[in-house]
1. Does the stretch 45-73 hold any residues that are under 12 Å from Trp21 (Cα atoms) and surrounded by 16 or more Cβ atoms within 10 Å (Cβ to Cβ), and which are they?
2. For the stretch 27-134, which fully contained strands (runs of 3 or more DSSP E) count at least 3 residues that are under 30 Å from Asn152 (Cα atoms)?
3. Could you pull out the residue among Ile26, Ile49 that is touching a Phe, Trp or Tyr at 6+ places or on another chain (Cβ under 6 Å), modelled with pLDDT of 90 or more, closer than 20 Å to Ala138 by Cβ and of a type in the set (A, V, I, L, M, F, W, C)?
4. Report yes if Phe72 is touching a helix residue (DSSP H, G or I) at 6+ places or on another chain (Cβ under 8 Å), without any contact (Cβ under 8 Å) to a residue 60 or more places away in the chain and assigned by TED's automatic domain parsing to the domain that holds Pro16, otherwise no.
5. Being under 14 Å from Leu175 (Cα atoms), of a type in the set (Val, Ile, Thr) and modelled with pLDDT of 95 or more, is that true of even one residue in the stretch 95-113?
6. Where the second residue is buried (at least 17 other Cβ atoms within 10 Å of the Cβ) and the first is more than 18 Å from Gln147 (Cα to Cα) and lies in the stretch 162-182, which pairs have Cβ atoms under 6 Å and are six or more apart or on separate chains?
7. Tally the residues that are in a loop (DSSP other than H, G, I, E, B) and within 22 Å of Tyr19 (Cβ to Cβ), restricting the search to the stretch 143-197.
8. Output the number of residues of the stretch 111-136 satisfying the condition of being surrounded by 19 or more Cβ atoms within 10 Å (Cβ to Cβ) and free of Cβ contacts under 8 Å to residues at least 24 places away in the same chain.
Amino acid sequence: MDNSVIAAMARWPQVPDVYGWLSLNIRGQWRLHPEGDAISQPHSPGTSITSPQILHFINNNYSHDAHGQWYFQNGPQRVYVRLDAAPFIFHTTGEISATGTPVLRSHNDLDAGQIHTWWLDDEGHLYVLSQLGPGLVAGRDLAGVLQQLQTNTGNNALDTPATDWPLHLTDGTYLAQDTAVNIAKTLGYVLLPAAIS
């Protein structure tokens, strides 16, 4: 977090949290909801945030609470984020890790770090539990990443019968399946944040 944000949090510790004003879409784009309807209208697209300075500030001050709810720390105030898919949207960098899988970078320009598990949902989305945190592999990078996932028996992960899942991969991780409606719970994050008493 930025030093100015940390100082503001110390100076004004009782500023109330806000909900419904910010979302992160499936492409990793920050969206503003001027009507405050990001939570009450979960399919509202909001307005794209395009200012490089604002994007940089949000990206640098993005975190989560102990309940798996993600927020942007705007000075002394937490602005909770509706997640349309996951806390991080990962893209490939074009590099291959030492374990043979693509190196991933988040929508806010952070390295994913070590991959712990891969998850494929029933809608064909690929999720990652990484050292950085949970995220979705961006759609444009999905096919390339899936081609790189090899089982310990030398087969491509997607060529392996579903009865053999979860799959142990050559990179030391595993690939499991889950449903789209359950994946957030499995990976420990909240799509629609709410105040907790």
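The values are calculated or read from the model by the stated rules, or taken from the named source; none is laboratory data. Since the structure is predicted, the reported quantities are computational estimates derived from the model, not experimental observations. Note that we place each Cβ from the backbone using ideal geometry, even for glycine, and neighbour counts take in every protein chain shown.
1. Gly46, Tyr71, Phe72
2. On the way: elements: 30-32, 62-64, 70-74, 77-83, 88-96, 102-106, 115-121, 126-130.
Result: 88-96, 102-106, 115-121, 126-130.
3. Working: Ile26 fails: touching a Phe, Trp or Tyr at 6+ places or on another chain (Cβ under 6 Å).
Going through Ile26, Ile49 in turn, the sole match is Ile49.
4. Values: touching a helix residue (DSSP H, G or I) at 6+ places or on another chain (Cβ under 8 Å): yes; without any contact (Cβ under 8 Å) to a residue 60 or more places away in the chain: yes; assigned by TED's automatic domain parsing to the domain that holds Pro16: yes.
In short, yes.
5. Here is the first cut: in the stretch 95-113, the residues under 14 Å from Leu175 (Cα atoms) are 101.
Going one step further and asking which of them are of a type in the set (Val, Ile, Thr), we end up with 101.
Retained after the next criterion (residues that are modelled with pLDDT of 95 or more): none.
No, the stretch 95-113 contains no residue that is under 14 Å from Leu175 (Cα atoms), of a type in the set (Val, Ile, Thr) and modelled with pLDDT of 95 or more.
6. Sorted first by the residue in the stretch 162-182, then by its partner, the pairs are Asp178/Trp119; Asp178/Asp121; Ala180/Asp121.
7. Here is the first cut: in the stretch 143-197, the residues in a loop (DSSP other than H, G, I, E, B) are 149, 152-155, 160-161, 165-166, 170-173, 179-182, 188-197.
Subsequent filtering for residues that are within 22 Å of Tyr19 (Cβ to Cβ) retains 181, 188-197.
Qualifying residue count for the region: 11.
8. Adding up the residues that qualify gives 1.
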